[in-house]
1. Which aspartates and glutamates, on any chain, are close to B:Lys90 with Cα under 18 Å apart, when same-chain ones fewer than 8 places away are left out?
2. Could you work out the helix-only [θ] at 222 nm for the protein assembly as shown, with each DSSP H run of four or more residues adding -39,500 (n - 2.57) and the total divided by the number of residues, to the nearest 500 deg cm²/dmol?
3. Can you list the residues, at least 5 places off or on another chain, whose amide H is less than 5 Å from the amide H of A:Leu112, using H built in the peptide plane?
4. What lysines sit close enough to B:Lys297 to cross-link, taking a C-alpha to C-alpha distance under 17 Å and skipping anything fewer than 8 places away on the same chain?
5. Quick check: from the Cα gyration tensor, does chain B come out rounded (a/c under 1.5), prolate or oblate?
6. Bins of 5 Å, beginning at zero and ending with the bin holding the largest distance: percent of Cα pairs per bin for segment B:3-77, please.
7. Identify, among B:Val283, B:Ala257, B:Phe328, the residue whose Cα sits farthest towards the positive end of the charge dipole of segment B:242-329, taking +1 on the Cβ of Lys and Arg and -1 on the Cβ of Asp and Glu, with the dipole about the Cα centre.
8. Find, among the GluC sites (Glu not before Pro) in segment B:259-320, those assigned to loop by DSSP (not H, G, I, E, B) with at most 16 other beta-carbon atoms within 10 angstrom.
Amino acid sequence: MNNKPLICNVKTATIPTVDGRISTQTGCKIIDITFPNVVNPEVGEVCFQNYYVAFFTLKAKIKLTEQTPREGPNDHGWRMVVRRYQLMPDPHAENGAQDCFTITRQQFSCDLNQLISLRLILQQPSPLWKDFGLEDLKLFKTTGAPRAPPLPSWFMEEGKSKAGKKELEGVPDINSLSSNLQQLWALAEEVAANQTDESLGRYEVDGCYDINLLAYS
Amino acid sequence: MGTLEQKSDNLFANVLCFLRSSSLFNELLCTAQDEAQRTNIRITDLKKGVQNALVAAGWDRKLRNAIYHFLQARLNRSSIEAQGSPEQIKEPITYVRKAQLAWEKKILKSLNSMCTELTIPLARRRPEREQKDMMVRWTELGVDGPAFMRGSSGICRGIDLSQIRPVYAPKDFLDVVVGMQNPNCTSTGNIGSSDYPWGLVHVSMKVKGLNELRLQYSELAITQCQTGIDDLHDVPPELFDTDRTRLGKKVLAAKHAPISREFSKKGCPVSMRADLWCHMLGVELDHVDVLYYEQLKSYVLQHDLLVDNLLYKDVKLTATNDDQYFVFEDFLYQILLPFSRDTYILRHFAYNSATPPKSYIRGKLGVEEFAVTYPPNGVIPFHGFAMYVAPLCFLYNDVVQLYYVFRKMYVQYFFRLHSVSSHPQGIVSLSLLFEQLLQAEEPELFYHLKQVGCQPLKIAFKWMMRAFSGFLASDQVLLLWDRILAFDSLEVLPVLAVAIFSFRKTNLMKVQTFNAAEAVLADLFTLQVIPLLQLALFSK
């Protein structure tokens with residue numbers, strides 16, 4: 001990650017109650033997040049490690065201003081951001097139960113700015129698991145996913161014909177010569193960067209591989 | 001930019017990055033340069049001309065194969081784009097990771113105590129004389145063993161092999177798999193269908209059902225002709241064999257991995273198997289590979305490892321005792337000993353839940369610069385390890401080629417059979433698949449065996465852990481492994497195990513003790529793999 005996570009206040013998960021009674025088997029938990037010390041909080045990415053949560057829903061409460069389009073007359077500013085995002089392909093099976101997830105702006109159904117608070121709704125319909133929740137929850141302002149290195153130009157301009165033609169008259173001028181040299185230099189750099197990962201297969205240290213016992217680590 | 005688009009961009013970049021660091025890239029570049037310098041190419045259609053020439057020389061096929069194998073290896077590692085720490089990529093589920101760690105520690109302890117008891121080091125440098133002696137005996141190591149040495153007085157000395165014992169056997173590993181329990185799982189009450197109190201495996205991983213398996217293995221359907229059944233002597237060749245051979249020749253000429261894979265789904269004809277497997281695995285030898293093997297061989301000569309004795313003992317206990325494989329004894333050492341020195345194998349630990357054992361050079365305990373992996377390839381052999389190699393000896397008479405095919409098969413498939421992981425191809429999932437499939441297909445048989453105290457997995461586990469090698473006739477093992485390679489999946493192993501139980505059902509229903517059940521299933525050498533698979537998958 002290249003940027004720092006947002007400072008926020010993550011409340012402990014609560015179990016929704018029915019008629020004031022708490023049932024442990026509701027299969028639902030709610031986590032509220034507020035931003036007491038951030039001016040105009042903006043969220044572009046949510047990262048966490050799953051712990052037996054099957055579905056993940058994200059709701060946001062935003063500041064209602066004059067320009068904000070209202071959704072009906074009783075709009076309190078709640079917006080659905082991510083609806084029932086599936087974290088475990090099968091709630092009864094382990095797969096995906098402890099995977100790391102990054103949910104980015106691309107999965108959000110609306111932009112997250114002018115935030116007041118966020119609400120995470122975690123659902124686990126399977127009674128097989130004693131507990132469920134999220135670990136290592138972090139929010140980021142911008143998408144911090146590693147960008148793909150740009151593709152080389154020859155890859156992109158398939159079929160495009162080169163328009164510019166170079167005229168060669170005797171000795172090339174100093175500009176083209178230097179640019180050629182630069183190209184050569186770039187080529188050398190590129191070769192240096194593309195070292196193969198073929199190893200020499202050495203396993204000993206300084207030619208020595210005398211070992212008595214294995215180490216417990 | 002959508003996620004999909006970004007992902008595919010990422011993929012392109014990865015493929016390019018991989019290609020650039022491969023030797024293929026340089027070769028391609030050189031050939032392209034040579035082509036470009038030809039006089040018969042006009043400057044105006046230089047690009048096209050060079051491209052055509054490369055295609056004509058078969059470089060596009062090599063490129064396609066390289067990309068195919070790269071993508072396949074990526075897919076193998078994880079079904080989704082894995083995130084998180086390297087530890088999590090190796091194994092996402094914490095308690096599974098802990099189980100594997102505890103298991104590794106147990107192996108280390110047992111290896112250490114063996115060293116202490118026998119007062120031998122794990123590794124030592126061989127004296128010059130011994131190196132020369134071993135070099136002379138390289139192709140007949142089976143006679144005296146690797147630790148043997150003729151002393152100056154002509155008296156033989158060496159480590160007493162009777163004291164070397166295998167570090168672990170399938171039975172020990174089964175205990176680990178059975179003992180796994182999710183601390184977050186509600187104890188085995190009777191909660192609907194997700195609870196399986198009948199079987200031994202108590203983890204709830206997703207395994208395929210019969211219908212999914214039928215779809216996956218649709219080429220094995222009874223209506224389709226199969227190599228290994230329909231090309232036998234008693235079937236007129238014009239029905240199937242002639243066409244199959246003709247098609248096979250075309251496939252071999254194409255040298256393209258996906259085509260070979262598709263063809264092999266119905267089995268490899270004996271004469272074509274060696275080449276087809278090489279294509280499917282992407283094993284293409286060049287002089288560097290030959291050199292590399294020679295280097296590994298010199299490493300074997302340089303150092304004497306305790307692991308050598310383990311391997312030696314294993315071969316003596318398994319392959320040498322087997323009337324099909326004993327002739328390959330010397331061959332096996334020439335594969336297994338260099339294998340233990342091959343640091344290339346260490347790479348597979350990036351996607352294997354296991355971690356290679358660590359040690360320090362003598363006298364430098366705790367100094368990180370002197371930390372080494374032991375054995376150099378990080379794999380401690382278990383009782384039966386040599387059987388992963390033995391069937392391959394029927395296919396290749398060139399040791400070097402045999403070595404690379406085995407190495408590829410190990411890092412692609414076999415390592416999953418002896419490490420605890422939540423991977424759908426891992427031994428835990430395979431065991432679970434076996435139990436669930438047998439329960440679903442033969443409930444009365446499963447119930448009966450369970451009642452008389454004979455859990456089916458206790459018998460089937462060793463079959464699967466060794467990929468049936470040594471349990472079936474060798475030609476049947478090869479037919480089975482054809483399917484592993486062609487379908488790129490180990491799930492065929494539990495399916496076959498279920499089929500065998502199903503096939504011997506009548507006798508098994510009569511047994512009252514574990515030993516009796518084991519006796520019914522002791523001899524599988526008469527079984528025909530493919531009809532059995534068809535029986536299990538498609539008969540009901």
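1. A:Glu94, A:Asp99, B:Glu81, B:Glu104
2. Numbers: 27 runs with 316 residues, N = 757.
Taking each H run of at least 4 residues, the total per residue is -13000 deg cm²/dmol.
3. Sorted by chain and number, the residues that satisfy this are A:Val43.
4. B:Lys132
5. Working: a/c = 1.40, a/b = 1.08, b/c = 1.30.
Taking the square roots of the gyration eigenvalues as a ≥ b ≥ c, chain B is rounded.
6. 3, 14, 20, 20, 15, 13, 9, 4, 2, 0
7. B:Ala257
8. Details: sites: B:Glu262, B:Glu284, B:Glu294; in loops: B:Glu284.
Within segment B:259-320, the qualifying GluC sites (Glu not before Pro) (loop, at most 16 other Cβ atoms within 10 Å) are B:Glu284.
All of the numbers you see were taken from the coordinates with simple rules; none came from a lab. Small disclaimer: the values here were computed from a predicted structure and weren't measured. A quick note on method: Cβ atoms are made from the backbone with ideal geometry, for glycine too, and the neighbour counts reach across all protein chains shown.
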